[in-house]
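The values are calculated or read from the model by the stated rules, or taken from the named source; none is laboratory data. The shown structure was predicted, so the numbers you read here are calculated from the model rather than taken from an experiment. Heads up, the Cβs are rebuilt from the backbone with ideal geometry, glycines too, and the neighbour counts pull from every protein chain shown.
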Amino acid sequence: MIKRYTCILISGLCLLSLNGCLVKESTYLQKVEQADTLTKNLDDLQQRYAKLSSDNASLKVAFEKLTAEAAGLTADKKGLEDLLKAKSDTLSKNITELRQKVSDLENENKKLRDTIAEIQRVKEEKVKEVSGTYEQLLANMKNEIAQGQVTISELKGKLTVNMEAAILFDSGKADVKPDGLSILMKMVDTLKAVRDKSIRIEGHTDNVQIVGGLTRTFPTNWELSAARAINVTRYLQQQGIDPANLSAAAFAEHKPVADNSTKEGKAKNRRIEITLVGKE
């Protein structure tokens, strides 16, 4: 009986011992599995750490680069601000100067317009004066004009009285004949009133050269045309015309107004011209 219980007890202990071994083996396996899992997780974490470390290093490099660029941009910004300020100051100064120049030009243009208006007014008055002189001479010398001995022209404020030499001088002579003096006298009062013009007396001849004994007095047509112009000028002075307004000029045959190959043309070229010209 005792043996039986002993056997039973031994069997129970064996079972307990076997179960204990089984439990220990199961726990070990679990621990091994957990260790494998942790090892795997550790490897994954180490790989992630290595990647993150690499990314962190790249980010630091990028950050440093961006910081440097930002510093450069800040410096560039300041430089640009300084440049823009300098440009703005220069432009403001230029605008002020240009406004002053525009103002000066406007004032100058106004003065020029006023001057032009005044010149135009004076010009119109002078044209009226010349036109008045022209009308008076036309009225005073209408007979001579009608006979074709005198022509009076007015062009752009220049008045010219053209007289054939035959009504003033005898052939080959330079002294004004009495009838010629009467004709000149018709112009005296009108010419006395001329103040802003010079009165120029011009002597002209045809192209026939002086020959014979007349050459002792007038070697060429120059001397003849000059003597005739001077004698007319002296007569006008004697009648009270201001000598400062008078001048004489000789052109001989060198300014013809007609064809010297005809008798009529020669007669037109032998002439005295009294011209009203602007004072110098």
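Here region 134-189 is the region considered, the condition is being of a type in the set (Ser, Thr, Tyr) and in a helix (DSSP H, G or I), and the residue that is nearest to the chain's Cα centre (by Cα) is Tyr134. If I filter region 231-239 for residues that are modelled with pLDDT of 95 or more, closer than 25 Å to Gly132 by Cα, over 49 Å from the mean Cα position of the chain (by Cα) and part of a loop (DSSP other than H, G, I, E, B), do I get at least one hit? Within region 231-239 (the criterion being modelled with pLDDT of 95 or more, closer than 25 Å to Gly132 by Cα, over 49 Å from the mean Cα position of the chain (by Cα) and part of a loop (DSSP other than H, G, I, E, B)), the answer is yes, since at least one residue qualifies.
All of (1) farther than 17 Å from Lys268 by Cα; (2) at pLDDT 85 or above; (3) assigned to a helix (DSSP H, G or I); (4) of a type outside the set (D, E, K, R) hold for Ser131 with one exception: (2). Residues of region 259-278 that are farther than 30 Å from Gly132 by Cβ and of a type in the set (A, V, I, L, M, F, W, C): Ala267 alone. If you go through region 241-261 and keep only what is of a type outside the set (A, V, I, L, M) and in a loop (DSSP other than H, G, I, E, B), you end up with Asp242, Glu253, His254, Lys255, Pro256, Asp259, Asn260, Ser261.
To keep it simple, each residue is scored yes or no on (1) of a type in the set (Ser, Thr, Tyr); (2) out of contact with any helix residue (DSSP H, G or I) (no Cβ under 6 Å at 6 or more places or on another chain).
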site: Gly172; (1), (2): no, no
site: Pro178; (1), (2): no, yes
site: Val194; (1), (2): no, yes
site: Ile199; (1), (2): no, no
site: Thr205; (1), (2): yes, no
site: Gly212; (1), (2): no, yes
site: Phe218; (1), (2): no, no
site: Asn221; (1), (2): no, yes
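Of all residues in region 190-227, exactly one satisfies the criterion of being aliphatic (A, V, I, L, M), farther than 17 Å from Leu138 by Cβ, part of a helix (DSSP H, G or I) and modelled with pLDDT under 95, namely Leu214. When Lys40, Lys93 are checked against the criterion of being within 32 Å of the chain's Cα centre (by Cα) and charged (D, E, K, R), a single residue qualifies: Lys93.
Please go through region 242-271 and give me each residue that is under 48 Å from the mean Cα position of the chain (by Cα), farther than 16 Å from Met163 by Cα and of a type outside the set (Ser, Thr, Tyr), ordered by number. Of everything in region 242-271, those that are under 48 Å from the mean Cα position of the chain (by Cα), farther than 16 Å from Met163 by Cα and of a type outside the set (Ser, Thr, Tyr) turn out to be Asp242, Pro243, Ala244, Asn245, Leu246, His254. Annotation: of all residues in region 196-219 being of a type in the set (S, T, N, Q) and surrounded by 14 or more Cβ atoms within 10 Å (Cβ to Cβ), the one that is farthest from Ala258 (Cα to Cα) is Ser198.
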